[in-house]
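Report on one structure; see the data block that follows.
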Amino acid sequence: MNATLRFLGAADTVTGSRYLIDTGAARVLVDCGLFQGYKVLRERNRAPFPVPPESIDAVVLSHAHLDHTGYLPALVRDGFAGRVYATSGTADLSEIMLRDSAHLLEEEARHAAHGHWSRHTDPRPLYTVADVERALDRLRPVGFDEEIDLGDRLSATLVPAGHILGASSVRIAVGGRITHFTGDLGRDDDPLMRPPRRFAGAAVLVTESTYGNRRHAPIDPEAPLGEIIRRVSARGGVTLIPAFAVGRTESILLHLSRLRDRGELPDVPIYLNSPMAVDVSAVYQRHAEEHRMPPDELARMYAIATPVHEVDDSKLLNLRGGPMVIISASGMLTGGRILHHLVAYGPDPRNAVVLTGFQAGGTRGAALVAGERSLRIFGEDVPIRAEVVNIDTMSAHADADGVIAWMRRGPAAPEQVYVTHGEPAAADALRVRIERELGWPARVPEHGELVGL
């Protein structure tokens, strides 16, 4: 069987995960993500899909984050009619996240039209809520370790990857030969999620490299998080915490809950201004077997923040002033309610913006980490005089040491390792370590490259 693998995304960037396996008789897409960050990458979302969507027989998702699922509504709209396989947790989270994504895309298009800050005379969203509903009809939840028959001697199995609820690595068997896609690999020491399953070996390994050139500092993030909130609250300021609604928000709430239990958090209101994050709480409670939290701590974790559902209540937060803490999506400041809070509170030096995870190149979050203090938001340049703090120890990704340790525990060397889903410097740094420390053949593929399996 002359099967091929084509890298349709995440080959020169940390977003847009899309891998196409083609046996000649069947086509399977592993992940169907959005490109994020630099404009040249985002424009790939608007380009025609590299193969006719109707020619793809199935999609297998590793987890629910939008850089792995967010293009699915467009793929279905443009002709894909097969099944989309994912774990039950990923299916539940994808339902929430894709609806929220479409809502934000539609809202952004309306704002652009109303404010005349788009170069298009009639700005349109990448996809709509109606497109999402059609895509959700294609979802088929499966269990971990359940063999998925994809036809033509092709099958898939999902195994636990840690990272976020429902996250899996994808093992594709092509005529008996295994290609293993790590998806986003979690941490052994994650406070919320269980560790990824040990690598069982494969002929071909496709690994993420988000933190391929970095090590997580051995620092408990609760200490700096509590210190920042105490400092900002003492001067009457607002602490803004941009956070991904799935995974990162739960970690932040857990740390805040533990800080308050120890009396290390000031008595200031905490608001969770993310309807999606509020909805996600029910999913985490339904899938308790996947994470480390006992029911009582999970309940305390979610009780620490006041949920904000309505748009009018979100707007009122911008008039309230400090001291207070606002947790809101998105984690890289690419959209969502956090942008309105940044416009309101970013120019005031009494306030603070606390970044708590990876910031992809080209995002507003990456600009702040790099020292930029003016951000383009809703067509205007907004000065950021608020204190900017980056706590990079809260990532749900394994760092470079963690990925190497996970590989080292495998039974044998793969015939080939492809290093993807990382910025160029991170991907190449991990490639070098794989070759030198493990002695495994490794390379960083190019966007659109076709290789044999």
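The values are calculated or read from the model by the stated rules, or taken from the named source; none is laboratory data. Computed from a prediction, not measured in an experiment: that's the story for all the values here. Note that each Cβ is placed from the backbone with ideal geometry, even for glycine, and that neighbours are counted across all protein chains shown.
Sort out which residues of the stretch 74-108 are of a type in the set (S, T, Y) and in contact with a Ser or Thr (Cβ under 8 Å, 6 or more places away or on another chain), and write them in order of number.
Those that are of a type in the set (S, T, Y) and in contact with a Ser or Thr (Cβ under 8 Å, 6 or more places away or on another chain): T87, T90, S94.
For the stretch 270-288, filtering for residues that are in a helix (DSSP H, G or I), at pLDDT 80 or above and either among the β-branched types (V, I, T) or not assigned by TED's automatic domain parsing to the domain that holds I327 (or both) leaves 2.
Scanning the stretch 55-62 turns up at least one residue that is of a type outside the set (D, E, K, R), in contact with a His (Cβ under 8 Å, 6 or more places away or on another chain) and crowded, with 24+ Cβ neighbours inside 10 Å. L205 passes every criterion in (1) touching a His at 6+ places or on another chain (Cβ under 8 Å); (2) assigned to a loop (DSSP other than H, G, I, E, B) apart from (2). Screening N273 on (1) loosely packed, with under 14 Cβ neighbours inside 10 Å; (2) in contact with a His (Cβ under 8 Å, 6 or more places away or on another chain) shows it passes everything except condition (1).
Do we find a residue being in contact (Cβ under 8 Å) with a residue 60 or more places away in the chain, out of contact with any Asp or Glu (no Cβ under 9 Å at 6 or more places or on another chain), crowded, with 17+ Cβ neighbours inside 10 Å and assigned by TED's automatic domain parsing to the domain that holds R99 anywhere in the stretch 46-54?
Within the stretch 46-54, not a single residue is in contact (Cβ under 8 Å) with a residue 60 or more places away in the chain, out of contact with any Asp or Glu (no Cβ under 9 Å at 6 or more places or on another chain), crowded, with 17+ Cβ neighbours inside 10 Å and assigned by TED's automatic domain parsing to the domain that holds R99.
What do you reckon, is L430 part of a strand (DSSP E or B), of a type in the set (A, V, I, L, M, F, W, C) and in contact (Cβ under 8 Å) with a residue 40 or more places away in the chain? The answer is no for L430.
In the stretch 350-404, what count of residues is obtained for those that are within 19 Å of D190 (Cβ to Cβ) and in contact (Cβ under 8 Å) with a residue 40 or more places away in the chain?
The total comes to 17.
None of M407, M394 is crowded, with 18+ Cβ neighbours inside 10 Å and either under 30 Å from L342 (Cα atoms) or of a type in the set (G, A, S) (or both) except M394. For the stretch 312-332, taking the residues that are modelled with pLDDT of 90 or more and not in a helix (DSSP H, G or I), the one that is farthest from P266 (Cα to Cα) is identified as S328.
Does the stretch 208-223 include one or more residues that are over 18 Å from G402 (Cβ atoms) and not in a helix (DSSP H, G or I)? Checking the stretch 208-223: not a single residue is over 18 Å from G402 (Cβ atoms) and not in a helix (DSSP H, G or I). When G361, G335, G322 are checked against the criterion of being small (G, A, S) and touching a helix residue (DSSP H, G or I) at 6+ places or on another chain (Cβ under 6 Å), G335 stands alone in meeting it. Of all residues in the stretch 11-36, those satisfying the criterion of being of a type outside the set (A, V, I, L, M, F, W, C), in contact (Cβ under 8 Å) with a residue 60 or more places away in the chain and crowded, with 24+ Cβ neighbours inside 10 Å are T13, T15, S17, Y19, D31.
Screening V246 with (1) closer than 29 Å to R320 by Cβ; (2) in contact with a Leu (Cβ under 6 Å, 6 or more places away or on another chain); (3) at pLDDT 85 or above gives one miss only, at (3).
Scanning the stretch 340-358 for any residue that is aromatic (F, W, Y), part of a loop (DSSP other than H, G, I, E, B) and surrounded by 19 or more Cβ atoms within 10 Å (Cβ to Cβ) turns up at least one such residue.
Residues that are part of a loop (DSSP other than H, G, I, E, B) and either under 23 Å from the mean Cα position of the chain (by Cα) or buried (at least 22 other Cβ atoms within 10 Å of the Cβ) (or both) within the stretch 224-262 comprise G237, A243, F244, A245, V246, G247, listed in sequence order. If you take the residues of the stretch 371-407 that are polar (S, T, N, Q) and either in contact with a Ser or Thr (Cβ under 7 Å, 6 or more places away or on another chain) or part of a loop (DSSP other than H, G, I, E, B) (or both), which of them is modelled with the highest pLDDT? The selected residue is S395. Checked against the criteria, A10 does not count as within 22 Å of A130 (Cα to Cα), in the same structural domain as P424 (by TED's automatic domain parsing) and of a type in the set (A, V, I, L, M).
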